[in-house]
Structure formats: structure tokens, C-alpha cells
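The values are calculated or read from the model by the stated rules, or taken from the named source; none is laboratory data. Please read all numbers here as calculations on a predicted model, not as lab measurements. Here the Cβ positions follow ideal geometry from the backbone for every residue, glycine too, while neighbour counts run over all protein chains shown. Quick note on the areas: whole protein, heavy atoms, side chains included, nothing else; ligands and nucleic acids left out. Shrake-Rupley method; radii C 1.70, N 1.55, O 1.52, S 1.80 Å.
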Amino acid sequence: MNASKKKNIIMIGFVVLALFGVISYRIYDNISANNERAAKVSQGRGIAVEIDVTSRRDIVPMLTFSANLEPLWNADISPKVDGRIDKLYVDEGDVVTAGMVIGTLDTNELSAQVMQAEGNLLSSQASLEQAELDLSRAQELAKQGAVAAQALDSARTKRDLTLGQVRSAQGNLVLLQARLDNANIIAPRSGIIIKRYLQAGSYVKAGSQVINIADVSSLLGKATIGESQLNEITVGLPVIIKVNALQDQEFSGVITRISPAATLPARTFTAEITIPNNGVLKSGMFSKIIIPGLIHKNALAVPERALVMREDQKTIYVVTAENKVQQRMLKLGYVGEGWAEVLEGLADGERIVIDGQNKLKDGSTVNASSGQKGEQ
């Protein structure tokens with residue numbers, strides 16, 4: 001390539017670079033101008049937001065806990081004697097009343113033992129009657145001097161021995177009769193059959209579980225309360241129960257007991273909530289227990305939707321007299337039911353942004369359009 005061609009190529013390169021520089025400058029200048037115009041328009045018009053004025057209201061903290069519903073009372077029912085189950089009259093889901101016979105054991109052997117004991121008692125009573133007669137005769141003859149003192153003592157001893165045999169026979173009969181009576185399995189309280197562990201024909205030992213009965217006329221929810229929450233609740237306080245399985249249907253209950261001592265090492269307490277059951281609730285259902293805490297009277301509160309997160313801190317935009325916003329950090333108390341209790345960071349009567357915060361940054365100019373709260 002000769003020198004003339006090289007010179008032409010270099011000149012063309014300079015021309016292209018010059019054109020590229022001019023085009024780039026024009027683009028940058030247009031963008032800057034547009035931004036300036038937008039800023040001027042924005043400064044004059046302000047960003048449309050919804051604002052409100054801080055005020056005070058009563059705040060009722062709602063403490064929420066999880067709990068499984070339990071029967072008010074339940075127990076495994078067992079026979080008091082050994083034997084083979086002859087009949088069971090109930091099945092799972094059946095309703096029973098206190099004192100109802102829910103099952104019986106085979107009583108053939110026990111009945112025979114009772115009959116034998118009755119016979120032994122009759123025999124002992126007859127022997128006692130004869131011994132009483134013999135003693136009476138011996139005492140009459142002794143008065144007449146017709147019998148030796150030894151014979152009188154023997155008659156008295158025989159009477160006492162026979163009386164002991166009668167008492168023993170009576171005790172044996174009572175024991176066997178009690179065993180016969182205990183062959184009936186009795187419901188100690190009214191309730192519903194939750195579980196039947198055995199079938200008729202099974203051999204059981206005394207104390208072996210046969211039936212589980214539960215009183216579900218009311219159910220218990222047990223909430224684990226933290227030490228710091230203990231002063232918020234009292235016995236007799238009404239609560240709300242929501243059951244997940246019933247599409248969060250609400251039920252009413254009342255706190256009936258608070259454990260007197262903390263569970264260590266967690267230092268938690270158990271609050272028992274009694275819930276009247278209209279037949280819809282089932283034992284074992286999962287529920288949310290909502291307990292209203294102590295009322296925070298005349299608390300400074302802002303709508304919960306006005307809060308803005310910044311670096312894990314809750315903040316709020318405050319509107320100044322010049323219609324500019326300041327982003328302030330807040331120290332909050334209870335937050336829930338659409339309201340946030342403000343402990344530090346705001347004063348009464350200040351204007352705050354409650355909608356449109358996503359368009360703001362600290363120092364932005366705002367404007368409440370016609371019909372919005374806090375319109376200037």
C-alpha cells in the first residue's frame with residue numbers, strides 16, 4: 001500500500017470519529033434537557049400521593065397462639081376383675097351416660113363361686129345357731145351345778161369359733177359378690193366413645209384398657225404464653241378461636257386456668273381455654289387462639305399500609321410545610337388489625353403519606369390531588 005492510500009484511510013477514520021462524537025453529544029444533550037424539563041415539571045406539580053394526619057386511638061393488641069383442641073375430660077375404662085369379655089354394647093362414636101353398662105365379662109365361674117359362698121355362709125350360720133343353743137343349755141346347767149366349768153368354757157369357745165366362721169363366710173360372699181358386680185364395665189361419666197381397644201371374646205386382666213371415653217361437650221385449647229405476655233391475660237377473659245379445618249370459622253371461648261408456675265427453661269406458662277362445643281368441633285383439630293390483650297388507651301397510631309421498610313427498619317414519609325417528604329425511622333409498639341402503634345418518631349397532627357410511597361424518596365415534593373385526604 002502506497003503512502004497516498006494510507007493517508008486517505010487515516011482521513012476517513014478521523015471523519016468517522018468526529019461524526020460519532022457529534023452524534024453522541026447530541027444524544028446526551030437531548031437526554032439532559034429532557035431530564036431537566038421533567039424535573040421542573042415535577043417540582044411544579046409534585047408527586048400525587050394520599051396523605052393523612054396522625055391521630056390517637058385505643059389499640060387492642062390481639063395475641064395469637066396455636067393449639068390442638070382436647071377433650072374437657074377423657075379416660076381409658078378398664079374392668080376391675082380378670083375375665084373374658086362376653087359383650088360390648090358400644091362402638092366408637094356412641095354417646096354414653098354416667099353409670100351406663102357398656103360391657104360385661106363372662107360371669108359363669110364367678111356366679112358359681114358366689115353360690116358356693118352363699119352355701120358356706122348358710123352352713124356357718126346354722127353351726128352358729130347350734131353353738132348358741134349349746135352355750136345357753138350349758139349356762140343353765142352351770143347355774144344348777146349340774147355341769148362342770150370346763151364344759152361351759154368349751155361351749156362358749158365353740159360358739160366364738162363358729163361366730164368367726166360366719167364372719168369369714170360373710171366376708172367371702174361380699175368379696176365374690178363385688179367381683180361379680182365388677183364384671184360389668186361401667187361408664188364413670190357421660191361422654192362419647194373415642195376408641196374401642198378390644199372386641200368381645202378377648203381375655204382381659206383387671207386394669208387393662210378396653211374403652212376410651214371423652215367428654216366433648218366442651219373442648220380445651222392450651223396456649224403457651226411467654227413470660228412477657230403474662231400480664232396481658234387473666235382468667236375469665238373471652239377469646240376467639242379459629243379452626244383451620246372449618247375454613248377459619250370462629251368460635252367463642254374463655255380462659256379458665258393459667259398455670260401457676262413457669263415451665264423451665266423456656267419460662268413459659270400454659271393458659272387453658274374452654275370452648276363450648278355445639279357438635280361441630282372435634283378433638284384433635286388444629287386451631288388459632290386469639291386473645292385480646294390490655295387496651296393501649298389514646299395511643300398514637302398510623303395506618304399499617306403507610307409503613308415503608310428500609311434496611312429492616314420500619315419508616316414513614318412525613319410531609320413538611322413545603323410539601324416535601326422526610327423519611328423517618330419509627331419505634332413501634334403493637335402492629336395489627338390495620339394499625340401500627342407509634343412509640344417514637346412521630347408527633348400528633350403531623351401529615352403522613354399513606355398511599356403512593358413507592359414513588360417517593362427522601363426530599364420528594366408531593367401533592368394530594370383533589371378528593372384525597374390532607375388536600376392542601
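Please go through the stretch 336-359 and pick out each residue that is in a strand (DSSP E or B) and among the small types (Gly, Ala, Ser).
336, 340
Output the number of residues of the stretch 209-228 satisfying the condition of being of a type outside the set (A, V, I, L, M, F, W, C), in contact with a Lys or Arg (Cβ under 8 Å, 6 or more places away or on another chain) and surrounded by 15 or more Cβ atoms within 10 Å (Cβ to Cβ).
Total meeting the criteria: 2.
What about residue 362, is it assigned to a loop (DSSP other than H, G, I, E, B), surrounded by 12 or more Cβ atoms within 10 Å (Cβ to Cβ) and not assigned by the TED database to the domain that holds residue 234?
yes
Return the pair list, or none, for Cβ contacts closer than 7 Å from residues in the stretch 250-275 that are closer than 17 Å to residue 290 by Cβ to residues that are surrounded by fewer than 11 Cβ atoms within 10 Å (Cβ to Cβ), at least 6 apart or on different chains.
254/236; 255/236
Among the strands (runs of 3 or more DSSP E) lying completely within the stretch 229-303, list those that include at least 1 residues that are open to solvent by less than 70 Å² (accessible area, probe 1.4 Å) and closer than 30 Å to residue 315 by Cβ.
Of the strands (runs of 3 or more DSSP E) lying wholly inside the stretch 229-303, those with at least 1 residues that are open to solvent by less than 70 Å² (accessible area, probe 1.4 Å) and closer than 30 Å to residue 315 by Cβ span 286-292, 296-303.
Going by what's in this entry, would residue 111 be described as outside the structural domain of residue 285 (by the TED database), among the polar types (S, T, N, Q) and surrounded by 17 or more Cβ atoms within 10 Å (Cβ to Cβ)?
When the stated conditions are applied, residue 111 does not pass them.
Taking only the stretch 149-175 into account, find how many residues are of a type in the set (A, V, I, L, M, F, W, C) and within 13 Å of residue 127 (Cα to Cα).
5
Please determine, by comparing only the residues of the stretch 54-96 that are of a type in the set (Ser, Thr, Tyr) and open to solvent by less than 80 Å² (accessible area, probe 1.4 Å), which one is nearest to residue 287 (Cα to Cα).
66
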